[in-house]
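Asker: Pasting a structure here, questions to come.
Derivation of every value follows stated rules applied to the coordinates shown; laboratory data play no part. Quick caveat, the model's predicted, so the values are computed rather than measured. Here the Cβ positions follow ideal geometry from the backbone for every residue, glycine too, while neighbour counts run over all protein chains shown.
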Amino acid sequence: MKPSVPAVRAALWRSALLAVLWWALTDGRADSWGVGSVSILAAAILSLRLLPPVSTYISRVGLLRFLIFFFYHSLRGGIQVAWFALRPRLSLRPAIHEIPLRLPEGIGRVLLANTLSLLPGTLSVELNGRRLCMHVLDAAAPTEVEVRRAEVRVAHMLGLELEET
């Protein structure tokens, strides 16, 4: 069976991304590429099996807005977490929040969950259907509001319609 053009393109892009990641993790050491090439190949094959390539529309304006959103919230969250660390008298109130998602099933939900995990102070614990279970450092934080903002950015970037909750 001959692979489709989108599958080949996805395999090449994922392999290139994984190669850059390997290069960065090994400080560009030439002697690591023997193990690295096998690891990259295995990771690329696994990624294609776990998340098969689909034709996805990505809005350039939406991507720019998403990146600005992500960097702003990363900086803001990093400062907040540093403040918590420097001021140990502040009582953290960690909690688990379950939030219903409005993104349609597929890559948008996965991207949202992973994006939220990369932001300081939050960790996506489970993505189960339309529900996202998140660990947060402060139970009083407006977690659902932040998730909704991130959902809108992901939806605009991928050209998706948000569903009703």
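Asker: Give the distance, in whole Å, between the Cα centre of the stretch 67-94 and the Cα centre of the stretch 7-53.
Answerer: Answer, in whole Å: 32.
Asker: A further question follows. Using modelled backbone amide H atoms (1.01 Å from N, in-plane), which distant-in-sequence or interchain residues come within less than 5 Å of Glu163's amide H?
Answerer: Leu103
Asker: Please identify the GluC sites (Glu not before Pro) of the stretch 98-151 that satisfy two criteria: DSSP loop assignment and at most 12 other Cβ atoms within 10 Å. Which are they?
Answerer: Those that pass, being in a loop and sparsely packed, are Glu105.
Asker: Still on this model: Across 10 Å bins from 0, what is the distribution of all Cα-Cα pair distances for the stretch 13-165, in whole percents?
Answerer: 10, 30, 32, 22, 6, 0
Asker: All other residues with a Cβ under 15 Å from the Cβ of Ser47 taken together, and with Lys, Arg as +1 and Asp, Glu as -1, what is their net charge? Present the calculation step by step, with values, prior to reporting the outcome.
Answerer: On the way: positive: Arg9, Arg14, Arg49; negative: none.
Charge balance in the 15 Å sphere: +3.
Asker: Sticking with this structure for a sec: At each listed q (0.13, 0.18, 0.24, 0.32 Å⁻¹), what is the log10 of I(q)/I(0) that the Debye formula gives for the stretch 70-121 modelled as equal alpha-carbon point scatterers?
Answerer: -0.44, -0.74, -1.00, -1.17
Asker: If you average 1/r across every pair of different Cα atoms in the stretch 5-50 and take the reciprocal, what Kirkwood value do you get, in Å?
Answerer: 10.8
Asker: Got a sec? Charge dipole of the stretch 4-89, +1 on Cβ for Lys and Arg, -1 for Asp and Glu; which of Pro52, Val35, Leu63 is way out at the positive end?
Answerer: My answer, from the dipole projection, is Leu63.
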